[in-house]
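Each reported figure results from applying straightforward, stated rules to the coordinates on display, with no laboratory input. On a predicted model such as this, the values are computed, not experimentally measured, just so you know. Every residue, glycine as well, gets a Cβ built from its backbone with ideal geometry; the counts of neighbours run over all protein chains shown.
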Amino acid sequence: MARPTLTALAIAVLALLEERPMHPYEMYQLMLARGEDVLVKLRPGSLYHTVARLAEQELVRAEGVDRAGNRPERTIYRITDRGRKAMRARISEIIRTPGAEYPAFPVALAEAHNLPADCLLGLLRERLDHLEADLADLAQMAAWAQERGVPRRYWLTLQYLQTTLGAEVAWINAFAADLESGELEWEQFDDLTGERRTEPEQAWPGSEVAYDELPPVPRRSAAAARRLKLSR
């Protein structure tokens, strides 16, 4: 049987069940309490669907029903040996090989020249406000864990997020400074109408240029694969 590809939410569910058996509602509440919705998109419907899918794949199995008071019955799930192996294999795969995650912000940056500089500066400052607030939240969460003696292996992802967000803040500050000072040349727009005063330049070559004149591309991109064929 082929190994199933696990989503981020599926990994989180299996990791919870590796701790102990529980029902989906308990998983949802526990993930919220731990702030794991920072790492995965967490919705009750998606969680229940993920658990059902894992059960179909025999990565988890139902092993009983919990009922407290007048609450509806809740099925308790346990991770299987197959589920444990699949979880470890998927974690290993993600850590080993960088994957294309296609975040939206780099796309917006690539096309930010379509905005007037003053408008872009205002937007960047708003983003910085949000990022600084996120960094403060992460610092508070890390401090809470450290003060209570939670082993670092369980919250090191907070440090990773602090580092990556901190790097983004530093880059945006430097970019905004260059833009505001005029050191970074920018396209011109009419202050009243917002229309361009300068025509957009064709900064990159088209598809008809010679192979040796093409700009470099990431080795994992589709363009790199096509160029490999051209070079042979």
Quickly rank 165-173, 75-83 as a protection proxy: mean count of other C-beta atoms within 10 Å, highest first. 75-83, 165-173
Residues with amide H under 5 Å from that of V60, placed H, sequence gap 5 or more: A55, T80
Long-range amide H contacts for F189: which residues qualify at under 5 Å (H placed 1.01 Å from N, peptide plane, sequence gap of 5 or more or a different chain)? R197
Grab the other residues whose beta carbon is less than 12 angstrom from that of L128, score K and R as +1, D and E as -1, and report the net. -3
Using all Cα-Cα distances in region 75-126, what percent lands in each 5 angstrom bin from 0 up to the longest? 4, 14, 14, 11, 9, 9, 9, 9, 8, 7, 5, 1
Mind jotting down a quarter of the surface of the convex hull over the alpha carbons of region 1-160, in square nanometres, one decimal? 13.2 nm²
Using all C-alpha to C-alpha distances in region 143-191, build P(r) with 10 Å bins and read off the rounded percent in each one. 21, 28, 20, 16, 11, 4
